[in-house]
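The structure under discussion appears below in the form of structure tokens.
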Amino acid sequence: MYTDELLHDLYERLSSRFGPCNWWPGDTPFEIMVGAILTQNTNWNNVERAIDNLKQAGLLSLEAMSALSSQELADYIRPAGYYNIKAGRLQNFFSLINGRWDGDLDFFLGQPVATLREELLSVKGIGPETADSMILYAADKPIFVVDTYTHRLLSRHEIIEDCFEYHMIQELFMDNLEENSRLFNEFHALIVMVGKEFCKKSKPNCTGCPVSGLNGVESYDGRKN
């Protein structure tokens, strides 16, 4: 089966099993971008608690959060873990928008994908996955987000080699799927769902997994992470 057929088969299996995921949760592009930074190295429940702290204090805006000191910001986002580091990363992001774009987030997000990605990656603490999450979910522009779940799933089903890096996996999806932000959004969310419920790092639950049999691989045999 060709790669494009495999990816379409994967999408259909996941979509049939999980249905619409309606991801990324967030009321505004700014909230989504803050969440993308806060979710680094933690689970979403912790991020929700941190964001709720900001909302309850009426601080979930670029202007309000930019006015906080590093310590004040860290205290509000404490539930997300690594709060001092993440406070610094948030402030680096705010400096980009305030300094180069005069606080106009909408204008910033209106840039072409390549330009937007380059600017986000120039911010200390924002890597490819975080930048691409912001582009896809906050700017609603077509770029595929790759994470640990994506690599694990494709590797275990022998669609990629273990050595495949971020950009290689991203190109695999973007070269073989329609360039559509809605499709990329849903596909990534579905991969996260199957990764959490079935294709776990240890003790994967292959029985009943909607991906079982994809590319002729019935179950994980322990050879791949």
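Rule-based calculations on the coordinates, nothing more; no lab input. The structure displayed is predicted, hence computed values, not measured ones. Virtual Cβ from ideal backbone geometry, glycine too; neighbours counted across all protein chains shown.
Considering the chain as a Gaussian network with a 10 Å cut-off on Cα pairs, which listed residue, ASN53, ASN180, ASN43, attains the greatest mean-square fluctuation?
ASN43
What is the pair-distance distribution P(r) of region 92-225, computed from all Cα-Cα distances in 10 Å bins starting at 0, with each bin given as a whole percent?
The percentages, shortest bin first, are 12, 38, 29, 15, 6, 0.
Stick to the Cα atoms of region 29-138, pair each with every other, and give me the Kirkwood hydrodynamic radius in Å at one decimal. Show your work: numbers first, answer last.
Numbers: mean 1/r = 0.0727 Å⁻¹.
Radius from the Kirkwood sum: 13.8 Å.
Stretched out fully, how many nm does the piece from THR115 to THR28 gain, at 0.36 nm a residue minus the Cα gap? Could you put the intermediate results ahead of the total?
Numbers: separation 87, 0.36 × 87 = 31.32 nm, distance 2.15 nm.
The THR115-THR28 span can extend by a further 29.2 nm.
Taking Cα pairs under 8 Å and at least six residues apart, what relative contact order does region 109-225 come out at, in percent? Present the calculation step by step, with values, prior to reporting the outcome.
Numbers: 120 pairs, mean separation 29.8, N = 117.
For region 109-225, the relative contact order is 25 percent.
Beta carbons within 10 angstrom, averaged per residue: use that to sort the peptides 33-41, 57-65, highest first.
Packing proxy ranking, top to bottom: 33-41, 57-65.
Between SER61 and MET168, what is 0.36 nm times their sequence separation minus the Cα-Cα distance? Round to one decimal in nm.
The span from SER61 to MET168 would gain 35.0 nm if fully extended.
Within a Cβ distance under 11 Å of ASN215, other residues only, what is the Lys/Arg minus Asp/Glu net charge?
Surrounding charge for ASN215 is -3.
Give the Debye-formula value of log10 I(q)/I(0) at each listed q (0.07, 0.08, 0.17 Å⁻¹), with one equal scatterer per alpha carbon of the chain, two decimals each.
Log-scaled intensity ratios, in q order: -0.24, -0.31, -1.20.
Can you tell me, using C-alpha contacts under 8 Å and at least 6 residues apart, the relative contact order of region 1-77 as a whole percent?
Details: 24 pairs, mean separation 19.0, N = 77.
Here the relative contact order equals 25 percent.
If R₀ is 45 angstrom, what is the calculated FRET efficiency for the pair HIS8 and GLN71, using the beta carbon separation as r and rounding to 0.05?
Numbers: r = 50 Å, r/R0 = 1.10.
That pair, HIS8 with GLN71, gives E of 0.35.
Restricting to DSSP loop positions (anything but H, G, I, E, B) with no more than 14 other Cβ atoms inside 10 Å of their own Cβ, which GluC sites (Glu not before Pro) remain in region 81-168?
GLU158, GLU161, GLU165
Might you report the magnitude of the Cβ-based charge dipole of the chain about its Cα centre, with Lys and Arg at +1 and Asp and Glu at -1, to the nearest 20 debye? Write down the numbers at each step before the final one.
Values: 20 positive and 32 negative charges, 195 e Å.
Taking the Cα centre of the chain as origin, the dipole is about 940 debye.
Can you give me the distance in nm between label points at ARG17 and ASN84, each placed 7 Å from the Cα along the Cα-to-Cβ direction?
4.2
Once you've got the GNM for the chain with C-alpha springs shorter than 10 Å, pick whichever of ALA67, ALA80, ALA139 has the biggest mean-square fluctuation.
ALA67
Of all trypsin sites (Lys or Arg not before Pro) in region 108-192, which ones are in loop regions per DSSP and have a Cβ with at most 15 other Cβ atoms within 10 Å? Write out the running numbers ahead of the final one.
Working: sites: ARG117, LYS124, ARG152, ARG156, ARG182; in loops: LYS124.
Here the sparse-neighbourhood loop sites are LYS124.
Please build a GNM for the chain, connecting alpha carbons under 10 Å apart, and tell me which residue among ILE85, ILE77, ILE51 fluctuates the most.
Highest fluctuation among the options: ILE85.
Apply 1/(1 + (r/R0)^6) to the Cβ-Cβ distance of LYS124 and ASN215, taking R0 = 41 Å, and write down the FRET efficiency to the nearest 0.05.
0.55
Using 1/(1 + (r/R0)^6) with R0 = 30 angstrom and r between the beta carbons of GLU161 and ARG182, what's the FRET efficiency to the nearest 0.05?
Using R0 = 30 Å, I get an efficiency of 0.55.
Considering only the other residues whose Cβ falls under 11 Å of the Cβ of ALA139, what net charge follows from Lys and Arg at +1 and Asp and Glu at -1? Present the calculation step by step, with values, prior to reporting the outcome.
On the way: positive: ARG117, LYS141; negative: ASP106, ASP132, ASP140.
So the surrounding residues net to -1.
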